[in-house]
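Below: the structure, in C-alpha cells.
The values are calculated or read from the model by the stated rules, or taken from the named source; none is laboratory data. All values reported here derive from a predicted model rather than from experimental measurement. FYI the Cβ positions are ideal-geometry reconstructions off the backbone, even for glycines, and counts take in every protein chain you see. What goes into the accessible areas is simple: the full protein's heavy atoms, side chains included, and nothing from ligands, DNA or RNA. Shrake-Rupley method; radii C 1.70, N 1.55, O 1.52, S 1.80 Å.
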Amino acid sequence: MNKEKGQGLSPLVHNNPWETLRQFTAARIALGRTGSSLPTGELLRFGLAHAQARDAVHQPFDSQSLEPELFALGLETLTVASAAPDRATYLCRPDLGRKLSESSRQALQRLKAEPADVVLVIADGLSSKAVHRQAVPLIAALMPYLRTLELKLGPVVLAHQSRVALGDDIAQAMKARAVAILIGERPGLSSPDSLGIYMTWGPHTKRLESERNCISNVRPEGLNYPQAAFKLAWLLEQSFQRKLSGVNLKDESDNTALHNKVVPMFKLE
C-alpha cells in the first residue's frame, strides 16, 4: 500500500472527546475505543486496578505496626477480633464480622479503667491498605479537636476481621458514650485505599445502620485528613449536645453559623 492510499485510513484507536477532562479525576472516563472494544492500554490498566482492589481486600491487617505510631501520639491500644476466625470466613459470613469473639469480649469487660466518652476503633474492614495509610494521620488531625471538646478518649481498639457494627459491640463492652470506627472501605478500581468513618451515639449491638453517621472517602485524593477530622469532631460535638446520631443528625459542618467550640483548624477554600 502506498503512502497516498494509507493517508485515507481511519486510526485504529479513537480518542474520546472528553479526554481533556481526565486530568481532573481518577475516575475511569474517556477511555477511547478500538472498534467496539477498549484500547489495549486501557484494558491492561483495568486489569491492574482490579488486581490492586483484590489485593486490598486480602492483605492481612498488621495491627502491631500501628501501635508505635499511636503510642507516639500518647494513645494506648487494645487488640480484638471479631467472631470470624479467618479472612475466608469473614468474607462469606458478614454477620460474624459484626460481633466480638468471646475471648475479646471478656477481655474488654475485664478492663478496670473508667468508661470513656469516645472510643476510636481502627478496623481492617475490606481494605487494610486504607487503614495502614490513613488511620493514624486522621487521628493525629483529630486529637486537637478532642482536647478542645474535653472528651475523654479511651484506648484505641485495633479490630481484626471487622464489619462496621463491630464498633458498637466494642463500645458497649467498654461502656463508652460514643464510638467512631475507622474502617477500610470496599475498594474501587481507582481507590483501593479509601477509609470510612462511622460514628454512633450511645452504641449498643441493636443499633441500626440509620443510627450512625458516615464520613467516606478519607484519603489525600478524596476528603483529606484536616477536613475529615473537622467533620468528625463537629458530629461528635453535636452528638453529645443532642444525645443522638444517624439520620436525625445532619452533617451541617459547612455552615459556619452552627460552629460552637469546634471550628476548622485549616483554611477554608
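Data overview
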{"read-out": "Elements of type strands (runs of 3 or more DSSP E) contained in the stretch 175-269, each with 1 or more residues being open to solvent by 60 Å² or more (accessible area, probe 1.4 Å) and in contact with a His (Cβ under 6 Å, 6 or more places away or on another chain)", "value": "none"}
{"read-out": "Breaking point among (1) touching a residue at least 12 places away in the same chain (Cβ under 8 Å); (2) open to solvent by less than 60 Å² (accessible area, probe 1.4 Å); (3) farther than 24 Å from Met199 by Cβ; (4) aliphatic (A, V, I, L, M), for Leu96", "value": "(3)"}
{"read-out": "Of residues in the stretch 21-64 being under 30 Å from Thr77 (Cα atoms), assigned to a helix (DSSP H, G or I) and not hydrophobic (A, V, I, L, M, F, W, C), the one least open to solvent (accessible area, probe 1.4 Å)", "value": "Ser63"}
{"read-out": "Filtered residues of the stretch 9-20 (kept if closer than 26 Å to Ser194 by Cβ, open to solvent by 60 Å² or more (accessible area, probe 1.4 Å) and in a loop (DSSP other than H, G, I, E, B))", "value": "Trp18"}
{"read-out": "Leading residue by the ranking (farthest from the chain's Cα centre (by Cα)) among those in the stretch 125-145 that are open to solvent by less than 10 Å² (accessible area, probe 1.4 Å) and under 28 Å from Lys243 (Cβ atoms)", "value": "Tyr145"}
{"read-out": "Odd one out for Ser37, checked against (1) within 23 Å of Ala165 (Cβ to Cβ); (2) modelled with pLDDT of 80 or more", "value": "(1)"}
